[in-house]
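K.L.:
If you scroll down you'll find the structure; I have some questions about it.
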Protein chains: 2
Amino acid sequence: MSETISLGTYFFERVKQAGVHSIFGVPGDFNLALLDHIKEVDGLKWIGNANELNAGYEADGYARVNGFSCIVTTFGVGELSAVNAIAGAYAEHIPLIHVVGMPSVSATQKKLLLHHTLGDKKFDDFLNMSRPISGKSYAIQHLDSAPKHIDDLIETAILTKRPVYLGFPSNFYDEQVPKSLLTDYKLQLTPPVNDRLVEAEFIENVLKLVESSKQPIILVDACVSRHNATEEVLELAKLTKFPVFTTPMGKSSFGEDHEEFYGHYIGALSAPDVKEVVETSDCVISLGGLLSDYNTGSFSYSYSTRNVVEFHSNYCMFKSAIYDNISMKGALRSLITTLASSGLSFERKLSPPSSKDAYKSAQVCPPGILTQDYLWKRLSYFLKPKDILVAETGTSSFGILGTHLPNNAKAISQVLWGSIGFSLPAAVGAAFAAEDSRKFLSEDVRRTILFIGDGSIQLTVQAISDACRWNLKPYIFILNNNGYTIEKLIHGPYEGYNNIQPWRHQLLLDLFADQIEYKNYTVKTCSELNELFNCEKFQTPDKIRVIELFLEEFDAPESLKKQAALSEKINAA
Amino acid sequence: MSETISLGTYFFERVKQAGVHSIFGVPGDFNLALLDHIKEVDGLKWIGNANELNAGYEADGYARVNGFSCIVTTFGVGELSAVNAIAGAYAEHIPLIHVVGMPSVSATQKKLLLHHTLGDKKFDDFLNMSRPISGKSYAIQHLDSAPKHIDDLIETAILTKRPVYLGFPSNFYDEQVPKSLLTDYKLQLTPPVNDRLVEAEFIENVLKLVESSKQPIILVDACVSRHNATEEVLELAKLTKFPVFTTPMGKSSFGEDHEEFYGHYIGALSAPDVKEVVETSDCVISLGGLLSDYNTGSFSYSYSTRNVVEFHSNYCMFKSAIYDNISMKGALRSLITTLASSGLSFERKLSPPSSKDAYKSAQVCPPGILTQDYLWKRLSYFLKPKDILVAETGTSSFGILGTHLPNNAKAISQVLWGSIGFSLPAAVGAAFAAEDSRKFLSEDVRRTILFIGDGSIQLTVQAISDACRWNLKPYIFILNNNGYTIEKLIHGPYEGYNNIQPWRHQLLLDLFADQIEYKNYTVKTCSELNELFNCEKFQTPDKIRVIELFLEEFDAPESLKKQAALSEKINAA
């Protein structure tokens, strides 16, 4: 007789095998008995969030640092509150599993008019609603096939970097399955090897283009970090000495201390010297490209597609030719090997653009009130390797493009989905991941540093409570600039709808923190910021901190001002 | 040449014609230029919420008091955050219009990879996701037909009492349509007249059953208030002197000061003397029934369906016979006329059950700590006619079943959808509606009185900010009982997942209120509550108030304890 475990425990064991130590979510009567099984898995804990949207965003932030995450909600009322976060994870290629505690199969078969339903005695509406925003959606129907479906969902999430949805009816939580399933089959979490012939043909073409070109460049975008190809990119750059540019979504996917780093390319919003180099290149090696409006200066890329090779997670392109089912990571590895043995010699041809050093002006602290220009440049000198920098959509996400990041720092920003309020819970989720890595993988302490506006923080403020509950120690910088500045720049600068209710941000930690150390700060001038950043005690992440930065209402990074003008044009067209 | 107005203004003029004065929502770049048109309509204002879920719940609460409401969100990120609130409105039969500012038609035709999209260049995913939770969903495609579609959506919402969805591409906001459309066609907002023959046949059968029965009763449920049939029900009760019972969802749909009011029927959870009367009745006139688990004591109704006639919003039933397309309101009017001219004489046969007076024990204030039993009974003496009492799913929604409501008070609780966090923004929305009625219809000041738990308030706390922004003056009673008591009763009484991060509730108004008067209170004993309720100053709604009630963790209304046991059984089956 084989040993058995409950399906609930099986599920959480698999989630842990996929690298998860913290489970996000909110309890509800349809999932309570599922949550009982978390404590049966060593090294797994229930976070317990203040609400589901925050749980979803925290799961997203956790997965961006950790590689995978799990959120549990309850049927209807719980899962639908998380939908925006799940859609964001889908848009931004973040792997997580969303588990929904459903009514029992017998209740659904009897078509009971249960609470948390639409009152129409249907039970698949929410499963269907999850489909467009999920890599795969499935509700368990039979015990026998359930383990296989659970495995498949986790593998799909991690291989495709998309959220997946599991409907888990409450009658199955305690049902028994063979324990041996957990070891007999090992989750397949690495992409399959590329077809050698197809890959070779593609790489041969790339090699020829590289050989014949005078000024190849590498353009690093979102999916490089999503599909774990940062090491390969670094190796390629070090080997070839090609200038490397990153997009807004690619920021931090290539270490900015490396001499190969030449700056950010954002189409028409780029620094002129960056634009010049990229757009005159006769060989653009585009890696993990995701050409959304805010990632491309509203589609103002103007290099010639005749000279572009693209590496994506599941296909590659040579000029206009598509090579399907060839993954970036494998193809890059093959390209490195080919180039290394090609006999080609590589040398640096171009000096880095001077715009790369623009941040250095912050070495001199100007007098007067705090400005966006000084803030983002000065931040460069506060950051340390391995820091996690989280920026809200708005002045922050555009602002950090002016910040120089040390190698191995990580930037998180929701450039494509752009849901305001995302960054606070995402930062909390990232801080959970960093803490789990410290605890379970003995990694160094990593600081989590968030920049969010006074408008955006209103959407998801209770995520601070989640951080306090677990004594996390993020830096929460709140940019108080009197409302939605990004929107004022796009349309209606003086309209009431772009204003907000003013909050006393200095009370947030008093409200949410309980029996933990915390500290509040306010900063109104450049020199106050400079002093704070210079303070050694402040540099140590030994408590949760809220730092309120007072900025002028219409002060914004130049790149945002330009983007806003382009956006309004598209909206009105 | 006819005068024209912009389609944006046309939309808001129609919304105002349907009785709306406050527009809920959050700005986003795809809807900003739509919001410009609100100020062009006299007596219409933009509320501007802290987040979309709260905007949705506030719209729900507003519609429950006002009859209709409107929420504006932005594409993807905004609308999906409101989805849970919209689904709740669908489940609970609440009419509102959800308007989503979409990318322009030219952007969607060019398949631009815009922010706030899933990155798949599709633009109908969110429209499709709205379909299961909307009475009707439509995205404007052509200017010419847009006014007709807008009218149709508003009419559908109000006639079917369901939310509807309007996708409004940004290029249409300023496009011009004939102004005469606004007056040439009048919105059809009252249900069509019933087919006379079908109605007569149904009423004839009802009359025969009434004539032959010894103890007819009237059972009032959710859809009576939703479909504006409260006057007809009162008239029927006064004419026939039949005992009237209300369900949890029907609470306040029949004035509890009327001598015909006999108590609440909740199946097995009913007081024994109520259960006895209802279940031995040989003629149950069921009005607006919505037989969900929490509304029926988990389907424990045990009257014989042989003796039941049902009146619904769009059909009626005599025993098992269905009369389609016959509406409750019209059929009730016809029944009243028929009974009045039938020559039947009606007299009260049964004394009211003694359980009806159980609340009177609160006339004596017991010593000791505050209890749920005293709280809900004592509340009866604090309430005044026209008060709006809002109760969160949990001890509050079950608790108010023990509270005697004065006539014309209104109870709001989300019994079917049961999404925790609903009640705070719903109360704020109700307070907006009351304020609009005072201002625009010269109605009396109405107090809004909310009871919510310390767990539930964490989900939507920033709704307090919305109330402060507009200087609303609700009473916010927070039941601090150390976590999710309702869930502890259902499953896992001592499990960590049913605990929450403790907050300092006394700081909430300090955080959110700006330049308005407000006051905090704490109550720990029955006598403190008694004194507070007796205080004349406290009875006047002249400022926003937070009253923190400290209650024991496992103290709960008896009906909730019984319901919890029944729920766990269904979940595990």
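K.L.:
Among the residues of the stretch B:506-529, is there at least one that is of a type in the set (Phe, Trp, Tyr) and facing another protein chain (nearest Cβ under 10 Å)? Before the answer, list the steps.
P.N.:
We begin by selecting, within the stretch B:506-529, every residue of a type in the set (Phe, Trp, Tyr); these are B:512, B:518, B:521.
If we keep only those that are facing another protein chain (nearest Cβ under 10 Å) too, we end up with B:512.
The answer is yes, given that some residue of the stretch B:506-529 is of a type in the set (Phe, Trp, Tyr) and facing another protein chain (nearest Cβ under 10 Å).
K.L.:
Further question: Considering only the stretch A:167-191, how many residues are farther than 20 Å from residue A:328 by Cα, touching a Lys or Arg at 6+ places or on another chain (Cβ under 9 Å) and either assigned to a strand (DSSP E or B) or in contact (Cβ under 8 Å) with a residue 40 or more places away in the chain (or both)?
P.N.:
From the stretch A:167-191, those farther than 20 Å from residue A:328 by Cα are A:167-187; that's our starting set.
Going one step further and asking which of them are touching a Lys or Arg at 6+ places or on another chain (Cβ under 9 Å), we end up with A:181-182, A:185, A:187.
From the residues that got through so far, the ones that are either assigned to a strand (DSSP E or B) or in contact (Cβ under 8 Å) with a residue 40 or more places away in the chain (or both) too are A:181-182, A:187.
Final tally of qualifying residues: 3.
K.L.:
Moving on. Of all the residues that make up the stretch A:164-216, how many are under 30 Å from residue A:85 (Cα atoms) and charged (D, E, K, R)?
P.N.:
2
K.L.:
Now, a different point. I'd like to know if the stretch A:114-129 contains one or more residues that are farther than 18 Å from residue B:571 by Cβ, among the polar types (S, T, N, Q) and without any contact (Cβ under 8 Å) to a residue 12 or more places away in the chain.
P.N.:
yes
K.L.:
Suppose we keep only residues that are aliphatic (A, V, I, L, M) and in a helix (DSSP H, G or I) within the stretch A:394-410. Which one would you say is least open to solvent (accessible area, probe 1.4 Å)?
P.N.:
So the first thing to find is which residues in the stretch A:394-410 are aliphatic (A, V, I, L, M), and the list is A:400-401, A:405, A:409.
Those left that are additionally in a helix (DSSP H, G or I): A:400-401.
Details: A:400: 6, A:401: 30 Å².
Restricting to residues being aliphatic (A, V, I, L, M) and in a helix (DSSP H, G or I), the top hit is A:400.
K.L.:
Further, regarding this structure: State the number of residues belonging to the stretch B:182-209 that are under 20 Å from residue B:321 (Cβ atoms), β-branched (Val, Ile, Thr) and in contact with a helix residue (DSSP H, G or I) (Cβ under 7 Å, 6 or more places away or on another chain).
P.N.:
Within the stretch B:182-209, the subset under 20 Å from residue B:321 (Cβ atoms) is B:194-209.
Subset that is β-branched (Val, Ile, Thr): B:198, B:203, B:206.
Those left that are additionally in contact with a helix residue (DSSP H, G or I) (Cβ under 7 Å, 6 or more places away or on another chain): B:203, B:206.
Of the residues in the stretch B:182-209, 2 are under 20 Å from residue B:321 (Cβ atoms), β-branched (Val, Ile, Thr) and in contact with a helix residue (DSSP H, G or I) (Cβ under 7 Å, 6 or more places away or on another chain).
K.L.:
Being open to solvent by 10 Å² or more (accessible area, probe 1.4 Å) and not basic (Lys, Arg) is the requirement here; does residue A:100 meet it? Before you say what the answer is, go through the steps one by one.
P.N.:
Numbers: open to solvent by 10 Å² or more (accessible area, probe 1.4 Å): no; not basic (Lys, Arg): yes.
Against the criterion (open to solvent by 10 Å² or more (accessible area, probe 1.4 Å) and not basic (Lys, Arg)), residue A:100 does not qualify.
K.L.:
Go through the stretch A:23-40 and give me each residue that's more than 11 Å from chain B (Cβ to nearest Cβ) and buried (at least 22 other Cβ atoms within 10 Å of the Cβ).
P.N.:
Residue satisfying the conditions is A:24 alone.
K.L.:
Looking only at the stretch B:71-85, which residues are more than 8 Å from every other protein chain (Cβ to nearest Cβ) and polar (S, T, N, Q)?
P.N.:
B:73, B:74
K.L.:
What are the residues in the stretch B:132-156 that are acidic (Asp, Glu) and either without any contact (Cβ under 8 Å) to a residue 40 or more places away in the chain or not assigned by the TED database to the domain that holds residue B:179 (or both), if any?
P.N.:
Start the filter on the stretch B:132-156 by keeping residues that are acidic (Asp, Glu), which leaves B:144, B:151-152, B:155.
Once the filter is applied, which keeps residues that are acidic (Asp, Glu) and either without any contact (Cβ under 8 Å) to a residue 40 or more places away in the chain or not assigned by the TED database to the domain that holds residue B:179 (or both), the stretch B:132-156 yields B:144, B:152, B:155.
K.L.:
Examine the stretch A:299-314 for a residue that is over 29 Å from residue B:116 (Cβ atoms) and part of a helix (DSSP H, G or I), and state whether such a residue exists. Walk me through it before giving the result.
P.N.:
First, the residues of the stretch A:299-314 that are over 29 Å from residue B:116 (Cβ atoms): A:304, A:306-307, A:309.
Then drop every residue that is not part of a helix (DSSP H, G or I), which leaves A:306-307.
Yes; the residues of the stretch A:299-314 include at least one that is over 29 Å from residue B:116 (Cβ atoms) and part of a helix (DSSP H, G or I).
K.L.:
Considering only residues that are open to solvent by less than 20 Å² (accessible area, probe 1.4 Å) and assigned to a strand (DSSP E or B), which ones fall in the stretch B:315-341?
P.N.:
Step one: of the stretch B:315-341, the residues open to solvent by less than 20 Å² (accessible area, probe 1.4 Å) are B:316, B:326-328, B:331-332, B:335-336, B:339.
Scanning the stretch B:315-341 gives a single hit, B:316.
K.L.:
Follow-up. Of all residues in the stretch B:103-161, which are within 9 Å of chain A (Cβ to nearest Cβ) and in contact with an Asp or Glu (Cβ under 7 Å, 6 or more places away or on another chain)?
P.N.:
B:112, B:113, B:114, B:115, B:118, B:126, B:132
K.L.:
From the list A:63, A:50, which residue is part of a loop (DSSP other than H, G, I, E, B) and crowded, with 23+ Cβ neighbours inside 10 Å?
P.N.:
Numbers: A:63 fails: part of a loop (DSSP other than H, G, I, E, B).
Only one candidate qualifies: A:50.
K.L.:
Looking at the stretch B:471-481, is at least one residue modelled with pLDDT of 95 or more, in contact with a His (Cβ under 6 Å, 6 or more places away or on another chain) and within 30 Å of residue A:101 (Cα to Cα)?
P.N.:
Yes: the stretch B:471-481 contains one or more residues that are modelled with pLDDT of 95 or more, in contact with a His (Cβ under 6 Å, 6 or more places away or on another chain) and within 30 Å of residue A:101 (Cα to Cα).
K.L.:
Can I ask one more? How many residues are open to solvent by less than 10 Å² (accessible area, probe 1.4 Å) and in a helix (DSSP H, G or I) if we restrict to the stretch A:233-249?
P.N.:
Result for the stretch A:233-249: 4.
K.L.:
Looking only at strands (runs of 3 or more DSSP E) that fall completely inside the stretch A:411-529, which ones have 3 or more residues that are open to solvent by 10 Å² or more (accessible area, probe 1.4 Å) and either closer than 22 Å to residue B:513 by Cα or in contact with an Asp or Glu (Cβ under 8 Å, 6 or more places away or on another chain) (or both)? If you could, list the steps in order and put the result at the bottom.
P.N.:
Numbers: elements: A:448-453, A:475-480, A:518-523.
Fully inside the stretch A:411-529 and qualifying: A:518-523.
K.L.:
Kindly check whether there is at least one residue in the stretch B:448-464 that is acidic (Asp, Glu) and within 12 Å of chain A (Cβ to nearest Cβ).
P.N.:
Residues of the stretch B:448-464 acidic (Asp, Glu): B:454.
Then drop every residue that is not within 12 Å of chain A (Cβ to nearest Cβ), which leaves B:454.
So far as the stretch B:448-464 goes, yes, one or more of its residues are acidic (Asp, Glu) and within 12 Å of chain A (Cβ to nearest Cβ).
K.L.:
Sticking with this one: Scan the stretch B:200-207 and give yes if some residue there is open to solvent by 90 Å² or more (accessible area, probe 1.4 Å), assigned by the TED database to the domain that holds residue B:241 and not β-branched (Val, Ile, Thr), otherwise no. Give the steps one after another, and end with the answer.
P.N.:
At the first step, the residues of the stretch B:200-207 found to be open to solvent by 90 Å² or more (accessible area, probe 1.4 Å) are B:201, B:204.
Filter once more, so that each one left must be assigned by the TED database to the domain that holds residue B:241: B:201, B:204.
If we keep only those that are not β-branched (Val, Ile, Thr) as well, we get B:201, B:204.
Yes, there is a match, as at least one residue in the stretch B:200-207 is open to solvent by 90 Å² or more (accessible area, probe 1.4 Å), assigned by the TED database to the domain that holds residue B:241 and not β-branched (Val, Ile, Thr).
K.L.:
Still on this structure: Given the criteria open to solvent by 20 Å² or more (accessible area, probe 1.4 Å), within 14 Å of another protein chain (Cβ to nearest Cβ) and not hydroxyl-bearing (Ser, Thr, Tyr), does residue B:344 qualify? Walk me through it before giving the result.
P.N.:
Details: open to solvent by 20 Å² or more (accessible area, probe 1.4 Å): yes; within 14 Å of another protein chain (Cβ to nearest Cβ): no; not hydroxyl-bearing (Ser, Thr, Tyr): yes.
Against the criterion (open to solvent by 20 Å² or more (accessible area, probe 1.4 Å), within 14 Å of another protein chain (Cβ to nearest Cβ) and not hydroxyl-bearing (Ser, Thr, Tyr)), residue B:344 does not qualify.
The values are calculated or read from the model by the stated rules, or taken from the named source; none is laboratory data. The structure presented is a predicted model; accordingly, all values stated were derived computationally and were not measured. Counting neighbours? That spans all protein chains shown, and the Cβs are built from the backbone with ideal geometry, glycine included. Surface areas here come from the heavy atoms of the whole protein model, side chains and all, with no ligands, DNA or RNA. Shrake-Rupley method; radii C 1.70, N 1.55, O 1.52, S 1.80 Å.
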